[in-house]
1. Only one of B:PRO113, B:PRO81 is away from chain A (no Cβ under 14 Å) and crowded, with 23+ Cβ neighbours inside 10 Å. Can you tell me which?
2. Exactly one of (1) assigned to a strand (DSSP E or B); (2) more than 14 Å from chain B (Cβ to nearest Cβ) is unmet by A:ASP201. Its number?
3. Does A:GLU83 meet the test of being assigned to a helix (DSSP H, G or I) and more than 16 Å from A:ALA33 (Cβ to Cβ)?
4. Sort out which residues of the range B:450-480 are buried (at least 21 other Cβ atoms within 10 Å of the Cβ) and either more than 9 Å from chain A (Cβ to nearest Cβ) or without any contact (Cβ under 8 Å) to a residue 12 or more places away in the chain (or both), and write them in order of number.
5. Just to be sure I understand, how many residues within the range A:142-191 are free of Cβ contacts under 8 Å to residues at least 40 places away in the same chain and part of a strand (DSSP E or B)?
6. Is it true that B:ALA443 is over 29 Å from B:ARG242 (Cα atoms) and either aliphatic (A, V, I, L, M) or at pLDDT below 95 (or both)?
7. Which residue pairs have Cβ atoms under 6 Å apart, sit 6 or more places apart or on different chains, and have a first residue in the range A:263-288 that is at the interface with another protein chain (Cβ under 10 Å from one of its Cβ atoms) and a second that is surrounded by 18 or more Cβ atoms within 10 Å (Cβ to Cβ) and assigned to a helix (DSSP H, G or I)?
8. Could you list, in sequence order, all residues of the range B:388-409 that are farther than 30 Å from B:SER336 by Cα and surrounded by 24 or more Cβ atoms within 10 Å (Cβ to Cβ)?
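The values are calculated or read from the model by the stated rules, or taken from the named source; none is laboratory data. Please read these numbers as outputs of a predicted model, since none were measured by experiment. Cβ: placed from backbone, ideal geometry, glycine included. Neighbour counts: every protein chain shown.
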Amino acid sequence: MPDRLAVRKTYKLYVNGAFPRSESGRTYEVTDARGAFLANAAHASRKDARDAVVAARGAFGKWSRATAYNRGQVLYRVAEVMEGRHAQFCEEVAAGEGLSAGRARVVVDAAIDRWVWYAGWTDKLASVLGSANPVAGPFFDFSLPEPTGVVAVLAPQRSSLLGLVSVLAPVLAGGNTAVVVTSRERPLPAVTLGEVLATSDVPGGVVNLLTGDAAEIGPWLAEHDDVDAIDLTGAPAGRALELERLAAGSIKRVLRPPAEEPDWTADPGTGRMTRFLETKTVWHPKGV
Amino acid sequence: MTSLFEYAPAPESRSIVDVAPSYGLFVDGEFVDGSGEPMKTVNPATEEVLSEIAVGTEADVDRAVKAARRAFTRVWGPMRPADRGKYLFRIARILQERAREFAVLESLDNGKPIRESRDVDVPLAAAHFFYHAGWADKLAHAGLGPDPRPHGVAGQVIPWNFPLLMLAWKVAPALATGNTVVLKPAETTPLTALLFAEVCRQADLPPGVVNIVTGAGDTGRAVVEHEDVDKVAFTGSTEVGRSIARAVAGTRKVLTLELGGKAANIVFDDAPIDQAVEGIVRGIFFNQGHVCCAGSRLLVQESVHDEVIASLQRRIGTLRVGDPLDKNTDIGAINSAEQLARIRELSDIGEAEGAHRWQPVCELPDRGFWFPPTVFTDVSPAHRIARDEVFGPVLSVLTFRTPDEAVAKANNTTYGLSAGIWTEKGSRILAIADRLRAGVVWANTFNQFDPTSPFGGYKQSGYGREGGRHGLAAYLKESS
């Protein structure tokens, strides 16, 4: 018999650095892998998604123009703060994904280390992806990677923390801001990640986390004119085609979903960063 | 204002090029009949019919894709990369050898001044093949893993503004990376692509590696939608780009798009005005303004507005509009009656919405499609001529007071292809260049292109790059 009744957490959205309930007033029941009640999560609406896009656009200027060194430190700080909440993440991942304590620990370790990996990338991208171009004329000509802008991310449905971090961190490393629709069935680690982000020097609005149904919110994000790119990794089965068609309306960059959810423990490579980067080329004449 | 000097005509001879009365499709190394109703291509400067061009149907496109697939599987894919490179070097050399022929043909079919086709389009097209030839056996060094692989068959649809150059931008990287090609040239400018087919034959390029299927929108759609095409590359309008992105959605096809633009050309008060005026002219009147990256929105700092506009008008008064084959011509013919109608419509709307139209006194030929260089002042950011791509020799002038305002106005567009900055202050160039949401920024210059320099857009100007190491990524699957 516990000597104290636990104080349960209210799981809310994370939008523009704050934790609002859904404006719709809707919630849905989240259960553990065996079907036992865990929490009532906020069920994000179209309006919540639109608010999140406004927040992400508002945050883009500052985040994209922060120095690469600064962005790297902020992402590293996320890893530091996550480490302090290690036990909590293990509990939530174990419950939501039905993992053993040992397996959950491995997943949480990998999620924290993934932030560290991407933190180290921010100030390497320009030298690895940029170039000085030897044009046939008296010009200095160089190309540099720049962030695409506001990226909508449909997070993986199965891997609720490692998968989420694996799709979110590369978007941020390049200087983009994000609107994420979390795993529908397993949203709780995402909300806790929001609490980490809120206390890790990540400016409000850079990451916005919407718990709810990608099948419902995805189309609004895919056709939103102020969203520059969409990652369909966690698109509900059978909906990717429709979402990609909607995204074509404003020439969004689209990352198509894999045939099945990948092994998130594998080496991530640079592909998820380069997908959400543009190349800018600048010319200037040489002369005395 | 009458012209400053009288120039005697200096026409380039058109006898260097033979235009056949009709052309077929180039499929599997042979010219074959098209199944569609043939179309005519006209000289936009005279409305003279130049030739009758075959139109490819779905069945024709299917044959071309099959030929490309066969060539990819049996010949081009397995070929030693160094040999692929050698074929491209050959093509580059033949383009140089036959440069005058290509230049004259391009000006005949497109209407652009011979000075531009001779000095820009054709040499750059050859340079693109020469540049990419060298990549063919060095792809492991392109930053795409140790063994990047081609996609297979590339379906490519190109516009009428730089017919041969856009062909080169598409075909050279596709072949260098080991893909084979089905190319659909623009409806109104097929001739240089068909002459290029002859270059492929002279180079002994294996049949099926390059297939050229002429036609209009339906033919292009058949190329894009063919299910055995692995990679789609398109240059053209944002509207068509959208429909292509929809068409390839949910398929395995990889897509790159190079679409429209509404570039800001920003002139600060400390800019060297004479150089800036040359740059403004080059930015908007180069190629009759039929340039996706044209500097069509001039943003002038308020304090120098009157000086810049007076100087610009003086300069525009000396531009020669007329016979594209005359070596003195600065501005040639508008490419088609349809495009001319669009330019007229948008210009009329500009006036109706309250902007002030200025055009120099300018004698235009009686026949053909012509539009004088045009400057709109008193343009507000809400006017259609400040928002819509005119794709003609029409400049919209807006003003700004502070650098922040210049950046905000420059970025106030759904496009993001290019931009220009004119100032003597280096730190300002770099700061403004950082903040412009555009894929190419020209500082104290405009409309420069080079095969080593990545080109492509932000936002609704498309995605993917052409040129440089970055351009190879569009045609390769990364290896791990």
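1. Working: B:PRO81 fails: crowded, with 23+ Cβ neighbours inside 10 Å.
Testing whether each residue is away from chain A (no Cβ under 14 Å) and crowded, with 23+ Cβ neighbours inside 10 Å leaves just B:PRO113.
2. Looking at each condition in turn, A:ASP201 falls short on (1).
3. So A:GLU83 passes the test.
4. Across the range B:450-480, the qualifying residues are B:GLY464, B:GLU466, B:GLY471, B:LEU472, B:ALA474, B:TYR475, B:LEU476.
5. Within the range A:142-191, residues that are free of Cβ contacts under 8 Å to residues at least 40 places away in the same chain and part of a strand (DSSP E or B) number 1.
6. Against the criterion (over 29 Å from B:ARG242 (Cα atoms) and either aliphatic (A, V, I, L, M) or at pLDDT below 95 (or both)), B:ALA443 qualifies.
7. A:THR279/B:HIS470; A:VAL282/B:ALA433
8. Across the range B:388-409, the qualifying residue is only B:ALA406.
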